[in-house]
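**Q** This is the structure, below, for whatever I ask next.
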Amino acid sequence: MKKKAISVILAGAMALTLGACGSSSSTSSSSSSDVVTTGATSTATTSGSSANGDVEELSLWHYFDAADGPMIDQLVNEFNKENPDIHVTATFVSREELMNQYTVGAVSGELPDIGMVDSPDMASYIKLGVFEDITDELNDWGQLDKFYAGPLESCKDSDGKVYGLPQNSNCLALAVNMDLLKKAGYDHTPTSAKEFAEMVAATTDASTSTYGFAMSAVSNEEGTFQLLPWLCATRDGKKGSVSDIDSATCSEGLQMLGDFVKNGYMSKEVVNWGQSDAYNQFTSGKAAFEELGTWQLPTIADDVNGAFNYQVVLLPTGDEGTTSSVIGGENFGVCAGSKHKEAAVKFLEYFCSKEEEKSWSEGAGKLPTRSDVTPNYSYEQDAFKVFQEEMNSAMARGPHAEWPTISEAIYTAAQSVMVNGNTAKDALKTAAGTIDPILKENPLPAESSTSSTES
């Protein structure tokens, strides 16, 4: 079925399901203040709707799952209580469905008042017309200079106009099952890709269905997020980059991951796993290593529940003593056509205020996007120090209006290696055929904040 036909079907589905509960495979819940988190195929109340003429009714779409969903419900509740003339209704929509509905909504006009988007994708949706220019309103707020330049840049178009605010930052590091590593004869964690590959092989135990490594290589932005540290590593002194995706450096990194699957050191299911699935493999003791996200730190101790000793270290992606990672995070913007632009901006300013940024960072295990916020993490303090160090060598994805196309080329290449057994060299050559013409016309900004740092 062609994309145009799919869009028509989705538009019809949206009209039928506005305000409805989720699919049978999803759950729905309603808090005491009527903040609704609904299933993956549901949508929020249409912009401009109002149950009470004295109250502005705003809709918000997000894809925060079970880990962060309750936190956004609580925050929306608090905002509604503090602002009795505004009522925000939050709706959960799965990541893939949310992106589809933005695309359809840009044409149909069926968009929420406030929308969440993965930071590298925002430039694409700004170009598509999903988000509203709120530069003047945020300048009047007077706090834009408090945000780190990188995250804030992902909320702008090529002319520097601002369409939203960065709500959180994160990156990736490596979780290590120290008991499995010790059982395999090692008394230290890996400090190079070569040593990491040896340890992954040594800790794999087919008799107990225990793999050496768990990650997500799923066919969406989560997969690209977890793949890029290995492709854009430093090998033989040369750092890989998206702008040179078919280089020997990138090919070597992807081939290592493909060989893990081929040799049984990593499950074939990684092409279907989201990041939470890989995390569950690690916490259940079925993987010696896992590519860990900052946001998973609040629950890791409870999820492991003393079953084994673990440690969080820098990702050993390339040469000895180097590391690389990727910056993640979500942005929130006011959607085009909202009849409640002023109220929506007020919510964004509340959501991304100094006080709420600190609270969210501490509760959700994220890194703040504001320079005036210093979270006080009461858990996994050593692990947070690792992530904060990893941020020094974490690359940004974009911002670029064609990032979704670039990302698709990357995860498709990885899947062709892991599923079809293609060589990384051939797969990335195909990816370069898509990526290179895009970047020739519109190059990426700086791909990393720094070069790889010493570990």
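Values quoted throughout were computed directly from the atomic coordinates according to the rules given, and no laboratory measurement underlies them. The model shown is predicted, which means the values in this text are computed figures rather than measured ones. All Cβ positions, glycine included, derive from the backbone under ideal geometry; neighbour counts span all protein chains shown.
**Q** Would you give the gap between the C-alpha center of the range 266-337 and the C-alpha center of the range 415-441, rounded to a whole Å?
**A** Using only Cα atoms, the two centres lie 25 Å from each other.
**Q** Considering the convex hull of the alpha carbon atoms of the range 138-191, report its projected area averaged over all viewing directions, in nm², one decimal.
**A** With every direction weighted equally, the projected area is 6.3 nm².
**Q** Assigning unit charges at the beta carbon (Lys, Arg +1; Asp, Glu -1) and nothing else, what dipole magnitude in debye, to the nearest 20, does the range 277-428 show about its Cα centre?
**A** So the dipole magnitude of the range 277-428 works out to roughly 420 debye.
**Q** log₁₀ I(q)/I(0) of the range 63-192 at q = 0.10, 0.11, 0.19 Å⁻¹, via Debye over equal Cα point scatterers, no solvent, to two decimals?
**A** The Debye formula, applied to the Cα set alone, gives -0.48, -0.56, -1.24.
**Q** Next question. What FRET efficiency, computed as 1/(1 + (r/R0)^6) with R0 = 30 Å and r the Cβ-Cβ distance, is obtained for Lys262 and Asn392, rounded to the nearest 0.05?
**A** That pair, Lys262 with Asn392, gives E of 0.35.
**Q** Let me spell out the model: positive unit charges on the Cβ of Lys and Arg, negative unit charges on the Cβ of Asp and Glu, origin at the Cα centre of the range 217-288. What dipole size does that give, in debye rounded to 20?
**A** Value, rounded to 20: 200 debye.
**Q** Continuing with the same structure: Using only the Cα atoms of the range 359-430, what do you get for the radius of gyration and for Dmax, in Å?
**A** Rg and Dmax of the range 359-430, Cα atoms, are 18.0, 48 Å.
**Q** Follow-up question, since we're still on this one. On a 0 to 90° scale, report how tilted helix 354-364 is relative to the longest principal axis of the chain, with both axes built from alpha carbons and the result rounded to the nearest 10.
**A** 50
**Q** Rounded, prolate or oblate: which fits the range 222-274 when a ≥ b ≥ c are the square roots of the eigenvalues of the alpha-carbon gyration tensor, with rounded for a/c under 1.5 and prolate only if a/b beats b/c?
**A** Judged from the Cα gyration tensor, the range 222-274 comes out oblate (a/c at least 1.5, b/c at or above a/b).
**Q** Going by how many other beta carbons lie within 10 Å of each one, how would you line up Thr430, Thr369, Thr103, fewest first?
**A** Values: Thr430 16, Thr369 27, Thr103 20.
In increasing order of surrounding Cβ atoms, one gets Thr430, Thr103, Thr369.
**Q** In addition: Can you give me the P(r) profile for the range 71-120? Cα pairs, bins 10 angstrom wide beginning at 0, each as a whole percent.
**A** Calculated over all Cα pairs of the range 71-120, the distribution is 22, 45, 28, 5 percent.
**Q** Something else now. By how many degrees, between 0 and 90 and to the nearest 10, does the Cα long axis of helix 341-351 differ from the longest principal axis of the chain?
**A** 40
**Q** Over the alpha-carbon set of the range 292-367, divide Rg by the Kirkwood Rh and report the Rg/Rh ratio to two decimals.
**A** Here the Rg-to-Rh quotient is 1.14.
**Q** Just subtract the alpha-carbon distance of Met71 and Thr374 from 0.36 nm times their residue separation and send over the number in nm, one decimal. Walk me through the intermediate numbers first.
**A** Values: separation 303, 0.36 × 303 = 109.08 nm, distance 1.91 nm.
Full extension of this stretch gives 107.2 nm more.
**Q** Just subtract the alpha-carbon distance of Ser276 and Lys425 from 0.36 nm times their residue separation and send over the number in nm, one decimal.
**A** On the way: separation 149, 0.36 × 149 = 53.64 nm, distance 2.91 nm.
Full-extension gain reported as 50.7 nm.
**Q** Sticking with this structure for a sec: Helix-derived [θ] at 222 nm for the chain: sum -39500 (n - 2.57) over DSSP H runs of at least 4, divide by residue count, nearest 500?
**A** Result for the chain, helices only: -12500 deg cm²/dmol.
**Q** Evaluate 2.2 N^0.38 Å with N set to the residue count of the chain, then give the Cα radius of gyration divided by it.
**A** Details: Rg = 21.8 Å, N = 455, 2.2 N^0.38 = 22.5 Å.
With N residues counted in the chain, Rg over 2.2 N^0.38 Å equals 0.97.
**Q** I'd like the antiparallel share, as a percent to the nearest 5, of DSSP beta bridges with both residues in the chain.
**A** In the chain, approximately 65 percent of DSSP beta bridges are antiparallel ones.
**Q** Using only Cα atoms, find the angle between the long axis of helix 221-231 and the longest principal axis of the chain, and express it within 0 to 90 degrees, rounded to the nearest 10.
**A** On a 0 to 90 degree scale, this one is about 30.
**Q** Straight-line reach from Lys341: which lysines have a Cα under 25 Å away, not including same-chain ones fewer than 8 places off?
**A** Those lysines meeting the cut-off are Lys81, Lys127, Lys146, Lys156, Lys161, Lys354.
**Q** What net charge is computed for the residues neighbouring Ala288, neighbours being all others with C-beta under 15 Å from the C-beta of Ala288, Lys and Arg scored +1, Asp and Glu -1?
**A** Details: positive: Lys182, Lys183, Lys286; negative: Asp179, Asp187, Glu195, Glu198, Asp205, Glu290, Glu291.
Counting the neighbours of Ala288, the net charge comes to -4.
**Q** For the range 306-455, what percent of Cα pairs sit more than 24 Å apart?
**A** Distances greater than 24 Å cover 55 percent of the Cα pairs.
**Q** If you project the alpha carbons of the range 250-306 onto the principal axes, what extent comes out on each, in Å, largest first?
**A** Each principal axis gives a Cα extent; for the range 250-306 these are 36, 21, 18 Å.
**Q** Evaluate the relative contact order of the chain (contact order divided by residue number), counting alpha-carbon pairs under 8 angstrom at least 6 apart; express in whole percent.
**A** Details: 946 pairs, mean separation 94.4, N = 455.
Computed over the chain, the figure is 21 percent.
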